[in-house]
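Each remark here refers to the structure printed beneath this line.
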Amino acid sequence: MAIVKFLLRALLRLLYRVQAHGMEHYHAAGKRVLIVANHVSFLDGVLLYAWLPETPTFAINTQVASRPVFRPFLHFVDLFILDPTKPLALKSMVHFIRSEKKAVIFPEGRITVTGIPMKVYEGPGMIAERAEAQVLPIAIQGAQYSPFAHIRSHQTRWFPRITLTVYPPRRLLVDATATGHERRKTAGLAMQKILLNLYHGTFNARRTLFSAFLDCLRQHPPGQPFIEDNNRAPLTPRAFLIRILLLGRAIRKHGTEAEITGVLLPNVVATPVLFLALQYLGRVPAMLNYTAGGQALALACRTGRLRRVYTSRKFVEAAKLEATLDALRVEVEVHFLEDLRAQIGLLDKLMAALATPWVSALYARQASNPDPDRPAVILFTSGSEGTPKGVALSHANLLSNFAQVRCHIDFRPTDLMFSCLPLFHSFGLNAGFLMPLLGGCRIFLYPTPLHYRIIPELIYELGATILFSTNTFLKGYARCAHAYDMHTLRYVVAGAERLSDETVRNWQEKFGLRVLQGYGVTEASPVIAVNTPLNNRAGSVGQLLPGMEYYLAPVPGIQHGGRLVVRGPNAMLGYLLLDQNDIVPVGTERGPGWHDTGDIVTIDAAGYVTILGRAKRFAKIGGEMISLTAVEELAQRVWPGKPHAALSLADERKGEKIVLVTEYQGATRRELHEAARQMQYGELLLPRKVVLIDAMPVLGTGKLDYAALQRLVQEEDAQNSGWIRRFDFFSGNR
């Protein structure tokens with residue numbers, strides 16, 4: 001038997017260049033061990049048989065054992081046949097492992113067809129828990145690209161490189177007081193978490209963004225469209241790479257390596273070309289919000305220590321940003337892409353075309369500091385609640401967040417991402433561009449998410465399969481789209497603001513699609529939690545991503561829940577502040593790396609996160625903490641279909657008071673009061689004043705501009721100092 005394993009290992013090393021890491025954890029696991037692995041191909045069992053020091057028993061179900069393709073392999077291993085229809089089979093497996101044995105089991109029960117975790121059966125978790133066994137996770141990476149896999153959306157290669165990684169053994173943590181079905185469910189969830197961490201660990205996040213981009217570019221079919229924008233001139237992977245090299249060659253003469261460089265462009269192909277050209281040169285793009293105004297942009301340039309900004313003359317003229325550019329020129333040099341394009345000659349184009357096969361070697365030679373922990377991009381917080389700060393995200397931060405999200409969303413080369421969220425925002429840049437790019441998807445860039453009639457038509461025409469958006473925009477698309485416009489979408493994910501029940505209901509009834517709500521902050525690159533088709537709970541923002549740690553900091557006046565503080569590989573390097581020369585790292589009393597999100601949440605036993613509101617979005621009235629989000633939810637239930645915003649102002653009598661701003665022009669206090677009483681809302685949630693407005697101010701990211709609304713209600717308060725229990729109305733935007 002030993003000679004068979006030796007020969008098989010030699011053959012697999014020759015064909016697949018197999019590497020095994022962490023084998024010391026196998027020896028540390030002890031004798032009573034349940035080995036679990038992700039199941040990506042028919043090669044998995046052969047690989048484990050060849051590389052594990054001992055020959056463990058493989059637990060497979062009766063259907064798999066009866067297949068002819070497995071019969072040759074079955075002669076060399078010991079089998080434990082599990083019949084999932086017979087509960088006694090699990091008990092036999094528990095007794096087997098209790099007798100100081102090792103067994104291999106694939107918790108999914110079948111080969112994945114998506115490349116991400118599929119349904120995890122409760123049986124493996126129950127076996128590990130009942131047998132009091134160590135669980136030894138083993139990640140298999142690379143075999144999913146072989147012809148022996150079931151993932152046909154990937155580019156199949158006959159002999160892909162395969163890696164086996166053995167992780168430290170662990171015990172399943174199951175509540176000892178739970179019994180029956182609840183205990184089986186808890187054990188199944190614990191096993192599912194282990195499997196998610198396995199898939200998370202199979203992606204190499206310890207490299208630069210450009211290196212990862214080059215690796216993923218090879219997954220896309222070379223001659224097919226790869227990226228396009230509203231100009232409808234799609235680029236193949238090679239044409240896209242040529243443009244990156246050409247632009248990199250043109251801007252090399254400006255500035256130095258690792259310099260922070262401003263990008264002031266809309267959602268067009270030129271933006272990712274410039275972004276990746278700067279990555280190729282080792283520079284740090286700073287994505288600037290062109291809707292913020294000249295003063296705010298100049299302040300951002302000063303905060304980020306920018307010396308030059310790249311933009312487009314055509315874009316500046318179309319968006320009427322001449323005054324904004326004049327304000328910027330006081331702080332930085334401004335370069336136009338049209339001028340750089342004019343400097344590119346025929347020889348430059350020929351050299352770039354010839355260089356594409358060797359771009360990995362060229363990048364490796366010129367990248368003097370390929371440190372994954374150095375800054376890869378600077379993003380600025382939205383400023384919805386104050387002065388923007390520069391958020392420094394490293395290469396490892398961005399790639400780690402992709403690795404975390406791809407455990408839940410299977411990006412495929414056959415997918416088309418419709419990306420209309422602005423790339424200067426973390427949700428638009430990472431979730432709407434970098435993640436599909438790294439996943440090998442096709443990408444269509446559209447310059448604005450506000451075209452509620454045009455965007456559904458384009459989704460229908462293009463056959464888009466993935467859409468990331470916000471509640472505000474999704475509500476607009478549902479109102480204007482035909483019922484068949486969205487029929488090709490596989491994933492619709494909402495973030496950046498609370499997803500309303502009305503939007504969920506409209507998308508389900510009109511399109512038959514379930515909108516998945518996620519949650520994140522710019523400082524976390526940005527995704528922290530997300531609902532998935534596998535794990536979804538209405539009203540929550542999903543479970544925390546693999547690799548994330550958290551704790552809830554207590555908040556005075558909040559009985560259930562607390563302020564969410566997180567740490568993980570996707571958490572930022574730190575802030576760039578106006579009065580600081582270097583990146584300022586973050587931390588809490590528990591140590592460095594912890595980031596206080598400022599969001600008050602609850603987390604249930606299954607790990608689902610429910611957002612109660614921002615810490616700044618609470619009012620303290622009569623000593624009680626009142627959620628302004630809950631006030632908005634009340635108004636939304638009473639007057640659906642119109643946006644509402646609740647804000648707080650100082651009050652001499654009760655500390656603070658609530659003001660509701662609404663677009664619903666027929667609001668009456670009696671209607672709101674009666675509805676609140678019937679729905680059993682507390683008296684303190686009723687606003688002291690309601691202000692009417694024609695249209696809510698909205699940031700370019702789709703969020704309500706609470707800073708502008710706060711100024712508005714303060715102005716209204718100053719003009720109407722007597723706060724009485726009636727409505728004072730005004731119309732129009734101020």
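The values are calculated or read from the model by the stated rules, or taken from the named source; none is laboratory data. Computed from a prediction, not measured in an experiment: that's the story for all the values here. Positions of Cβ are backbone-derived with ideal geometry, glycine not excepted, and every protein chain shown enters the neighbour counts.
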For this session: Return the pairs, sorted by first residue and then second, in which the second residue is among the acidic types (Asp, Glu) and in a strand (DSSP E or B), the first residue lies in the range 512-529 and is under 15 Å from Ile409 (Cβ atoms), the beta carbons are less than 9 Å apart, and the residues are 6+ apart or on different chains.
Result: Tyr519/Asp599
Seminar exercise, completed: Counting only residues that are closer than 17 Å to Val36 by Cβ and surrounded by fewer than 21 Cβ atoms within 10 Å (Cβ to Cβ), the range 92-106 contains a total of 3
Seminar exercise, completed: Gln295 vs (1) under 27 Å from the mean Cα position of the chain (by Cα); (2) in a helix (DSSP H, G or I): all pass except (1)
Exercise. Looking at Val530, Val609, Val555, Val566, which is the one that is surrounded by fewer than 21 Cβ atoms within 10 Å (Cβ to Cβ), among the aliphatic types (A, V, I, L, M) and either touching a strand residue (DSSP E or B) at 6+ places or on another chain (Cβ under 7 Å) or outside the structural domain of Ile260 (by TED's automatic domain parsing) (or both)?
Worked result: Val555
Exercise. What are the residues in the range 115-135 that are closer than 30 Å to Thr414 by Cα and of a type in the set (Lys, Arg), if any?
Worked result: Lys119
Exercise. Does Glu129 satisfy being surrounded by 15 or more Cβ atoms within 10 Å (Cβ to Cβ) and assigned by TED's automatic domain parsing to the domain that holds Val46?
Worked result: yes
For this session: Note down all Cβ pairs under 8 Å where the first residue falls in the range 659-676 and is more than 15 Å from Glu633 (Cα to Cα), the second is in a loop (DSSP other than H, G, I, E, B) and among the basic types (Lys, Arg), and they're at least six residues apart or on different chains.
Result: Arg669/Arg725; Arg669/Arg726
Exercise. Among the strands (runs of 3 or more DSSP E) confined wholly to the range 479-598, which include 1 or more residues that are within 17 Å of the chain's Cα centre (by Cα)?
Worked result: 491-494, 516-520, 527-530, 549-553, 562-567
Exercise. Regarding Ala89, is this residue aliphatic (A, V, I, L, M), more than 17 Å from Leu164 (Cβ to Cβ), surrounded by fewer than 17 Cβ atoms within 10 Å (Cβ to Cβ) and at pLDDT below 80?
Worked result: no
Exercise. Is there a residue in the range 614-623 that is touching a helix residue (DSSP H, G or I) at 6+ places or on another chain (Cβ under 9 Å), buried (at least 16 other Cβ atoms within 10 Å of the Cβ), β-branched (Val, Ile, Thr) and modelled with pLDDT of 85 or more?
Worked result: no
For this session: May I ask you to list the residues in the range 240-250 that are under 28 Å from the mean Cα position of the chain (by Cα) and among the hydrophobic types (A, V, I, L, M, F, W, C)?
Result: Phe240, Leu241, Ile244
Exercise. Which residue, of Asn506, Asn535, is in contact with a helix residue (DSSP H, G or I) (Cβ under 9 Å, 6 or more places away or on another chain), farther than 25 Å from Ser426 by Cβ and not aliphatic (A, V, I, L, M)?
Worked result: Asn506
For this session: Filter the range 205-224 down to the residues that are modelled with pLDDT of 90 or more and assigned to a loop (DSSP other than H, G, I, E, B), then identify the one that is nearest to the chain's Cα centre (by Cα).
Result: Ala205
For this session: Output the residues belonging to the range 299-323 that are under 28 Å from Asp579 (Cα atoms) and touching a strand residue (DSSP E or B) at 6+ places or on another chain (Cβ under 7 Å).
Result: Ala300, Cys301, Thr303, Gly304, Arg305, Leu306, Arg307, Arg308, Val309, Tyr310, Thr311
Problem set entry | Selection status of Thr179, modelled with pLDDT under 90 and over 26 Å from Gln19 (Cα atoms) | yes
Exercise. Assigned by TED's automatic domain parsing to the domain that holds Ile227, part of a helix (DSSP H, G or I), crowded, with 20+ Cβ neighbours inside 10 Å and among the polar types (S, T, N, Q): does that describe Thr324?
Worked result: yes
For this session: Report, by residue number, each residue of the range 37-59 that is farther than 21 Å from Gly201 by Cβ and within 32 Å of the chain's Cα centre (by Cα).
Result: Phe42
Exercise. Within the range 443-461, can you find the residues that are buried (at least 22 other Cβ atoms within 10 Å of the Cβ) and modelled with pLDDT under 95?
Worked result: Pro449
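Confirm whether Ile138 is in contact with a Ser or Thr (Cβ under 9 Å, 6 or more places away or on another chain), under 20 Å from Glu24 (Cα atoms) and in contact (Cβ under 8 Å) with a residue 12 or more places away in the chain.
yes
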Seminar exercise, completed: Only one of Ile260, Ile242 is crowded, with 18+ Cβ neighbours inside 10 Å, touching a helix residue (DSSP H, G or I) at 6+ places or on another chain (Cβ under 6 Å) and hydrophobic (A, V, I, L, M, F, W, C), namely Ile242
